[in-house]
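The values are calculated or read from the model by the stated rules, or taken from the named source; none is laboratory data. Owing to the predicted nature of the structure, the values given are computational and were not obtained by experimental measurement. When we count neighbours, we look across all protein chains shown, and the Cβ atoms used for this are built from the backbone with ideal geometry, even at glycine. Heavy atoms of the whole protein, side chains included, go into the accessibility calculation; ligands, DNA and RNA do not. Shrake-Rupley method; radii C 1.70, N 1.55, O 1.52, S 1.80 Å.
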Amino acid sequence: MTLLKRQKASLEYLEEVRKHAGRLPALDPSARTLLVCGFPNVGKSSFMNKITRAQVDVQPYAFTTKSLYVGHMDHRYLRWQVIDTPGILDHELEKRNVIEMQAVTALAHLPCAILFFVDVSEQCGYTLEQQSSLYHSIRALFTDKQLVIVANKTDIIALNDLSPEHQQLLKNMCTAHTNHDQQHAPLIEMSNITETGVTQVKDTACDLLLAARVDKRKSFAAGARVRDQMQRIVVAKPTKMAHAPIGTRPANNICKQNNIQSKAHIPESVKAARRALRLEKEAQLAIEEASRVESALDTAREHGAREAAVLEVSERAQRAKERAERLAAQAASNTTMTDEKKPTERELMWLGGGPGVYSADLSREYKGMLRHDEYISDVIPEIMDGKNVADFVDPDIITRLSQLEDEDLEAELALDEAERLEIEASLSPQELELMLAIRAKRKLARQKSQAKQHTAQGNHIIPRSKRSRIEDTVDEDLPDSTHRARDAVIQRGRSRSRSRRADNDDAMDTTSDHNDDLPRRATKKARTRSTSRPPPRSEAAFPDPEQKKTAQKVERKMAKKVSRLAKAGEINRKTGPKLERW
């Protein structure tokens, strides 16, 4: 029992989960399913009540249906389930609430035939343009599903009576989706009031879903699983690449298929590395050439060549040497530029003290974004409505705020005074007098309560060692009349105590023959006996020892029961949580 008490919170949570799971609709993902969706208040629940045995609440306001409702029906000797979803509004997915996300989740994950309801009368509160926008925003959820567009509430306005623009909107909605038979989504007129087209909508949706399921089974039996996977792959084929950014250009094979001329993009770092490698090779060749020319000059001098030839070879060697030095310097500079590597965030973290100490400097990412790079270390100002918060700061703001508060207080007091005068003007003299008396009584009661609270707060217990000093201090400040009255009271109290003592002495003289000091001792002893502590209740209630033993035996027996149930005592009626059966 103690273990169950410790797990009480967890058990209660599990019980709530069990109840919630019991309230969830019993959806069968493998069953033949029709799913109804659309804007709120377009007639989805009414249609479900017409074709199934479900009883969904229908009210003339939006979001009557707040969860998924499941109904069942029979068609062609088969059992079908129909799911009624909450209304969906036309906004971003992040702004949809939990109620709308139930419908979106069902559309995304359930294999079914979808009935998209459109209110052509616009009595739902949404125009046909808004309904068409919702259709196109969630059309991606209709992929690989059979779709039927239902034009509801045609008893108010028929499709032929719509404007050409609205008729074109409905046609665009139909042509935007293709069913399994490569046909556009059908558009069916319907009215829940006159029940026109209800059976046609049901039959069309069921036949489309049956045909799609049969074709899918046949294709899988024929080994078309690979073709089905290939149909899900979409290859983009751009046609114009003249002004496309470099990072968004397609691969070369796509460009060749579409006869698109696209140049290869080589990063600048790769170009710099290639340039440095070429300069290194040229510098090496220049050095070899300079050494070869110098060796030829030495050979010419040894063989005693003419001075003109020796001078020409010497100039050639000098030029080769200078060119080699120049190319070597260029190669070294390019190598230094390519070797400059940007430190990673991990390296910066270890240089800055390691994990827990390092704080990333995000301002370095602002380089090149501001007018001057020295601005990146400035504190980012708070902006509101396009202005800096500092623009709203007034040096006299505190004074002005106090003035505004005083004005508000004066205005409230003036309103209260005007209200009081108005009330007093509407009362008779007797009622006015009674009201003033009530106010005075309330004020007096409030003052008494405050005085009482003040007295209670100041009425602290004074230690006995300090009482005499406080009394002496107070006595010095009291008037003479107060001293005389207090002395009279003390003298009277002493006289009364003497008379009581004399009476006691007379009583003791009649019962004792001892000396005069004995009666006073006997009185003290008698007082001590009269104020002695009474015996325990367990002994006083049972004069007979046998009765006392019997009571103790019963007490031990009851204590065993209390200990076995882990209770604090006999009056402990607390029990553990009881699980309800649903």
**OP:** Round to the nearest 10 and report in Å² the accessible area of Asp416, as given by a 1.4 Å probe over the protein chains' heavy atoms.
**Re:** 90 Å²
**OP:** List, in order, the whole-Hz ³J(HN,Hα) value for each residue of region 18-23 obtained from phi through the Karplus relation with A = 6.51, B = -1.76, C = 1.60 and θ = phi - 60°; use x for Gly and Pro.
**Re:** 5, 5, 5, 5, x, 7
**OP:** Provide Met101, Met435 ordered by accessible surface of protein heavy atoms (probe 1.4 Å), highest first.
**Re:** Met101, Met435
Original post:
Once the whole set of protein chains is in place, how much accessible area is left on Lys321, using a 1.4 Å probe, in Å² to the nearest 10?
Top reply: 90 Å²
Original post:
³J(HN,Hα) across region 53-68 via Karplus (A = 6.51, B = -1.76, C = 1.60, θ = phi - 60°), whole Hz, x for Gly/Pro?
Top reply: 8, 6, 10, 8, 5, 10, 9, x, 9, 6, 6, 5, 8, 10, 8, 6
Subject >> For region 139-215: rounded, prolate or oblate by the Cα gyration tensor [a/c cutoff 1.5] >> reply: oblate
Original post:
Tally Lys and Arg at +1 and Asp and Glu at -1 over the other residues with C-beta under 15 Å from the C-beta of His166: what net charge comes out?
Top reply: -4
Subject >> Point-to-point label distance, Glu424-Ala211, nm (Cα→Cβ direction, 7 Å offset) >> reply: 8.9 nm
Original post:
Under a 5 Å amide H to amide H cut-off, with H placed in plane at 1.01 Å, what residues pair with Ala31 once short-range neighbours are removed?
Top reply: none
Original post:
Taking a threshold of 20 Å on the Cα-Cα distance, which of the pairs Lys8/Lys561; Lys44/Lys66; Lys50/Lys171; Lys5/Lys561; Lys44/Lys95 fall above it?
Top reply: Lys8/Lys561; Lys50/Lys171; Lys44/Lys95
Subject >> Accessible-area order (highest first, 1.4 angstrom probe) of the listed residues Ser45, Ser219 >> reply: Ser219, Ser45
Subject >> Burial ranking of peptide ranges 196-208, 56-68, 348-360 (average Cβ count within 10 Å, highest at the top) >> reply: 196-208, 56-68, 348-360
Original post:
What distance in nm separates the simple spin-label points at Ser163 and Trp350, each placed 7 Å from Cα in the Cβ direction?
Top reply: 7.0 nm
Subject >> Extension gain from Thr550 to Asp373, taking 0.36 nm per residue of separation minus the Cα-Cα distance >> reply: 53.9 nm
Subject >> FRET efficiency, 1/(1 + (r/R0)^6) with R0 22 Å, evaluated for Gln123 and Arg96 via beta carbons >> reply: 0.40
**OP:** Amide H neighbours of His72 under 5 Å, at least 5 residues apart or on other chains, H built in the peptide plane: list them.
**Re:** Arg53, Ala54, Val82
Original post:
Taking the Cα-to-Cβ direction at Gln447 and at Asp408 and moving 7 Å from each Cα, how far apart do the two end points lie in nm?
Top reply: 3.2 nm
